[in-house]
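The values are calculated or read from the model by the stated rules, or taken from the named source; none is laboratory data. Treat the numbers as computed from the prediction; the structure is a model and nothing was measured. All Cβ positions, even for glycine, are placed from backbone atoms using ideal geometry, and neighbour counts span all protein chains on display.
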Amino acid sequence: MDSQNDSSPFRDGPQDLKMAIGGLRPRWGWIVALGCLIGVMGVAALIPVVSATIASAYTIAIFMILAGTAEIATGLSAKT
């Protein structure tokens with residue numbers, strides 16, 4: 001396989017992946033805790049479905065307004 005056409009983020013393939021995973025080993029507890037927290041928050045969001053839907057709609061709307069404002073500012077600041 002040609003190394004120039006390789007789309008892998010790891011240069012040496014499996015060896016770099018092993019090193020990356022090895023670097024995460026000391027933090028495995030934090031990674032598991034984050035996964036558990038995300039799972040608990042997901043289950044908690046299932047309980048009040050209506051309020052979770054409204055909160056996510058407002059969050060998406062706020063981000064869309066911010067993105068639109070940034071797009072307008074970028075367009076107005078363009079020289080050409």
If you go through segment 1-10 one residue at a time, do you hit one that is out of contact with any Cys (no Cβ under 8 Å at 6 or more places or on another chain) and either in a helix (DSSP H, G or I) or at pLDDT 90 or above (or both)? no
Within segment 34-66, residues being over 30 Å from L24 (Cα atoms) and surrounded by 10 or more Cβ atoms within 10 Å (Cβ to Cβ) number 17
Going residue by residue through segment 55-67, is there one that turns out to be over 18 Å from the mean Cα position of the chain (by Cα) and among the polar types (S, T, N, Q)? no
